[in-house]
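Participant: Below is a structure I'd like to ask you about.
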């Protein structure tokens, strides 16, 4: 028989004032789905870990990553589908950006010098 945990606590108590709404909605859904399966403190930590992975690309020890993947499979499906269709940011290293800037200068026509009268 699986152990159950109290469910008389309010998920809304864990909303951060400065948290973006879409982050909170995903974290809240994760907690709703698993409330009663884990202790309150552990579930709150798992939910935070889940959103750190989803939104910030954090990684954790392999066993925890596997656990979060299993727990979030259904919760994040809709979010991940929406994410696929959104514009993705591309980061460029500083060295690549500097190299591209130099290449542009070499291919741009020289500016015409103004003559004084």
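Only the coordinates and a few stated rules stand behind these numbers; no lab work does. It should be emphasised that the depicted structure is a prediction, and the values quoted were computed from it without experimental measurement. Heads up, the Cβs are rebuilt from the backbone with ideal geometry, glycines too, and the neighbour counts pull from every protein chain shown.
Participant: Given points 7 Å out from each Cα along the Cα-Cβ axis, report the residue 96 to residue 45 separation in nanometres with one decimal.
Facilitator: 3.7
Participant: Ok, one more. I need the Debye-formula profile for the range 18-106: one equal scatterer per C-alpha, no solvent, reported as log10 I(q)/I(0) at q = 0.10, 0.15 1/Å, two decimals.
Facilitator: Taking Cα atoms of the range 18-106 as identical point scatterers yields -0.38, -0.65.
Participant: What's the angle, to the nearest 10 degrees (0 to 90), between helix 40-56's Cα axis and the longest principal axis of the chain?
Facilitator: That helix lies at roughly 20 degrees to the long axis.
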